[in-house]
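> Starting off with a structure, shown below.
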Amino acid sequence: MLQKRSMIAVAALGLAFGASTLSTQSVFAKGEPTQDKCSKFKKGSADWKKCAGQVKDDLSDQDLYYAGYWLARTGQYAEALGYLNKAKQRDERILTYIGFATRKLGDVDGAMQFYDRALAIDPNYTVARAYLGEALLGKGDTAAAKAQLREIAARCGTTCPDHVELEAAIAKADVKG
């Protein structure tokens with residue numbers, strides 16, 4: 001099941017990036033191979049984009065998360081939001097990555113609302129805490145970012161990736177400041 005979901009997310013990314021061919025033979029929920037579903041249209045054309053959007057509509061929240069996550073992590077923030085905003089926003093991961101992409105697009109205050117909603121669902125979700133800490137640094141609030149760092153340490157220790165990354169961001173901000 002996880003392998004199928006991963007293949008679907010890879011296929012969705014292929015559509016999002018406008019790939020002319022996909023390396024997988026993934027099948028979307030309605031059973032149509034992705035290469036056949038939109039290949040009749042010229043890549044990037046209005047019809048192709050409409051078809052790709054319909055494929056996006058067929059994805060589960062889990063698949064929308066994976067596609068949005070990878071798009072956001074590769075700097076495709078607006079495209080990531082296109083996937084993440086289609087998902088039901090009651091999953092802390094989805095909310096966190098909506099916040100991440102929103103922040104990277106320059107709306108720090110808007111992003112913080114999504115991090116807060118993610119943490120209301122799961123206060124132990126340290127990814128949201130790390131990104132919230134980065135947002136706080138962006139607003140110049142190093143003390144609040146350090147408070148998030150302490151919260152992360154209490155939940156997963158000082159060697160977990162979220163702690164290490166936020167600690168590095170705080171150190172970098174302290175050097176600049």
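The values are calculated or read from the model by the stated rules, or taken from the named source; none is laboratory data. From a predicted model like this one, the values you see are computed outputs, not experimental measurements. Side chains included, ligands, DNA and RNA excluded: accessible areas come from the protein's heavy atoms. Shrake-Rupley method; radii C 1.70, N 1.55, O 1.52, S 1.80 Å.
> Excluding ligands, DNA and RNA, what is the solvent-accessible area per residue of segment 105-177 at a probe of 1.4 Å, expressed in Å²?
Accessible area per residue, segment 105-177: 53 Å².
> Could you sort D162, D107 by their accessible area in this structure, using a 1.4 Å probe and putting the largest first?
My answer, sorted largest first, is D107, D162.
> Under the 0.36 nm per residue contour assumption, what length would be gained going from the current alpha-carbon distance of A144 and A78 to full extension?
Using 0.36 nm per residue and subtracting the Cα-Cα distance, I get 21.0 nm.
> Would you tell me the accessible area of V164, worked out with a 1.4 angstrom probe on the heavy atoms of the protein chains, in Å² to the nearest 10?
Roughly 70 Å² of V164 is accessible to a 1.4 Å probe.
> Looking at this model, which pairs from K86/K176; K88/K176; K104/K176; K86/K172; K50/K139 are more than 30 angstrom apart at the alpha-carbon?
Exceeds cut-off: K86/K176; K88/K176; K86/K172; K50/K139.
> Carbon-plus-sulfur fraction of the accessible area of segment 94-177, 1.4 Å probe, in percent?
The value for segment 94-177 is 52 percent carbon and sulfur by accessible area.
> To continue, here is another question. Suppose accessible area is computed on protein heavy atoms with a 1.4 Å probe; arrange C51, C156 from highest to lowest.
Accessible-area ranking of C51, C156, largest first: C156, C51.
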